[in-house]
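For reference, the structure discussed in these notes is given below.
The values are calculated or read from the model by the stated rules, or taken from the named source; none is laboratory data. What you see is a predicted model, and the numbers here were worked out from it, not measured in a lab. With ideal geometry, Cβ positions are generated from the backbone for all residues, glycine too; neighbour counts draw on all protein chains shown. All accessible areas refer to the heavy atoms of the entire protein, side chains included, with ligands and DNA or RNA removed. Shrake-Rupley method; radii C 1.70, N 1.55, O 1.52, S 1.80 Å.
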Amino acid sequence: MSDYAKTIGKLKKAIEPLALTYEYHNYAHLLDVFDVVTKLGEKEKLSNHDVFLLQTVALLHDIVYVKGRTDNEEKSVEFARSFLPSFGYLKQDIDIVCDLILVTNLKMEPKTKLEKIIRDADIDNLRREDFFEKTECLRKEQGVDKNEWYSSYALDFLRNIKFYTTPDYSSGNSVFKKNLRILSLIKKKGSLK
């Protein structure tokens with residue numbers, strides 16, 4: 001087992017009890033993003049070190065999340081800066097991790113390959129079959145009416161989202177389009193009923 005794998009294993013164990021327990025923003029979400037960055041990193045033939053940094057970001061990008069707050073990424077960065085040195089992370093790696101955490105804010109424009117990968121990994125479920133399951137968890141977490149969520153918020157979100165990478169599975173773009181079509185039909189119909 002590599003030093004990177006050992007460090008990631010220790011990090012996973014350490015953050016599990018610290019992770020949030022919301023319907024969507026929780027340890028399962030962190031692991032989901034972790035799996036996607038790992039696959040995209042392999043697909044993009046990234047170095048082991050870059051994959052290690054992305055995995056670290058995946059595990060910490062939503063470690064601090066307060067509903068309604070706009071500074072969750074900044075708070076997660078503060079946490080990472082104080083938490084990672086005890087795992088032997090070098091300052092320059094912590095700086096990269098923190099920059100990558102910040103780009104998970106959808107208002108930020110990713111520029112580098114690593115930024116594009118972490119951004120897409122965080123919203124990868126939009127182009128997967130489990131989209132409606134995941135978005136229902138997020139809807140419940142946000143406390144939004146079901147009809148309003150599916151006919152307005154989720155539809156607008158998908159219409160305005162931009163992906164920067166190609167998923168590691170061939171059906172990603174067609175599933176995204178299917179999810180968008182279903183939401184458009186819900187809006188046209190006026191309700192879920």
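So the values come out like this:
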quantity: Diffusion constant of the chain at 10 °C, which comes from Stokes-Einstein with the Kirkwood Cα-pair radius and 1.306 mPa s, µm²/s; calculated: 92
quantity: Estimated [θ] at 222 nm from DSSP helical runs (n ≥ 4, -39500 (n - 2.57)) normalised by residues in the chain, nearest 500; calculated: -18500 deg cm²/dmol
quantity: About the Cα centre, charge dipole magnitude for segment 34-193 (Lys/Arg +1, Asp/Glu -1 at Cβ), debye; calculated: 920
quantity: Length-normalised contact order of segment 66-125 in % [C-alpha pairs under 8 Å, at least 6 apart]; calculated: 28
quantity: Solvent-accessible area per residue, Å², over segment 47-193 with all protein chains present [probe radius 1.4 Å]; calculated: 51
quantity: Positive-pole candidate from Val37, Leu54, Leu138, dipole of the chain, charges at beta carbon; calculated: Leu138
quantity: Cα-based helix-to-principal-axis angle, 27-43 vs the chain, degrees rounded to 10; calculated: 80
quantity: Full-extension gain in nm, Glu42 to Ser86, via 0.36 nm per residue minus C-alpha separation; calculated: 13.1 nm
quantity: Which listed pairs, of Lys39/Lys111; Lys39/Lys67; Lys45/Lys113; Lys43/Lys116; Lys146/Lys189, have C-alpha distances above 18 Å, in listed order; calculated: Lys39/Lys111; Lys39/Lys67
quantity: Protein accessible area in segment 1-119, 1.4 Å probe - carbon and sulfur %; calculated: 54
quantity: Stretch gain in nm, segment Leu31-Phe157, where the contour uses 0.36 nm per residue and the Cα spacing is subtracted; calculated: 43.1 nm
